[in-house]
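**Student:** One structure, as structure tokens, below. Some questions next.
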Amino acid sequence: MTASLTLVILMAVLFGAGIAVMLERSLTRVLIGFLLVGNAVNILMYLMSGAPGLAPILGEGVDEGEISDPLPQAFVLTAIVINLGITAFMLALIYRSWWLAQLGAKGDLVDDEAELAEDAEEAADLIRSSAADDEAIQSIIDASDEEFDLDEELEREASARDDEGSRQ
């Protein structure tokens, strides 16, 4: 295996700079250090993949020893995706810490009084509207000249079921 000396030096510099920057207390510097270390790992996997060869497609007349190994390429792509996901998570943490720092002495205790007042007003409106609906339904029932006797209606339904049962 022949590794390019330039890539080995670049990988070592990225690892060193990334670790040094990650030791700082600032989350932004930790993120930058993580990105540097992630890129160094990608270069390391590229270097360890072996000598370049033909495309990793086995066909007629192609010797298996001449094609390159596709596994390191898959590892590098997976490492890139993982690096991107962790970067997004770290950016969310950085934003959250910046937002909490802007609040000052309040910290994470954000006043929700406006939201609570708005919610209470909406609940009161719902109670008022349901009471108005109940009154409107009762007034319609009172205005109706139709007499409804619940016991009589239940007896009629029971006798209708009995008649159907005796026919079968």
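The values are calculated or read from the model by the stated rules, or taken from the named source; none is laboratory data. Quick caveat: nothing in here was measured; it's all calculated off a predicted structure. Here the Cβ is made from the backbone with ideal geometry for all residues, glycine too, and neighbour counts use every protein chain on show. Each accessible area value is taken on the protein alone, full model and side chains, heavy atoms only, with ligands, DNA and RNA left out. Shrake-Rupley method; radii C 1.70, N 1.55, O 1.52, S 1.80 Å.
**Student:** What is the residue count in region 56-90 for residues that are open to solvent by 80 Å² or more (accessible area, probe 1.4 Å), hydrophobic (A, V, I, L, M, F, W, C) and under 24 Å from I43 (Cα atoms)?
**Tutor:** Residues in region 56-90 being open to solvent by 80 Å² or more (accessible area, probe 1.4 Å), hydrophobic (A, V, I, L, M, F, W, C) and under 24 Å from I43 (Cα atoms): 9 in total.
**Student:** Residue pairs, Cβ under 9 Å, 6 or more apart or interchain, first in region 91-120 and assigned to a loop (DSSP other than H, G, I, E, B), second at pLDDT below 80 and surrounded by 10 or more Cβ atoms within 10 Å (Cβ to Cβ). List them.
**Tutor:** Going by the 9 Å Cβ cut-off, the qualifying pairs are L109/L103; V110/L103.
**Student:** Quick check, is G50 at pLDDT below 80, under 22 Å from F15 (Cα atoms) and surrounded by 11 or more Cβ atoms within 10 Å (Cβ to Cβ)? Reasoning before the result, please.
**Tutor:** Details: at pLDDT below 80: yes; under 22 Å from F15 (Cα atoms): yes; surrounded by 11 or more Cβ atoms within 10 Å (Cβ to Cβ): yes.
Criteria met by G50.
**Student:** For L35, indicate whether it is more than 30 Å from the chain's Cα centre (by Cα) and aliphatic (A, V, I, L, M).
**Tutor:** Details: more than 30 Å from the chain's Cα centre (by Cα): no; aliphatic (A, V, I, L, M): yes.
When the stated conditions are applied, L35 does not pass them.
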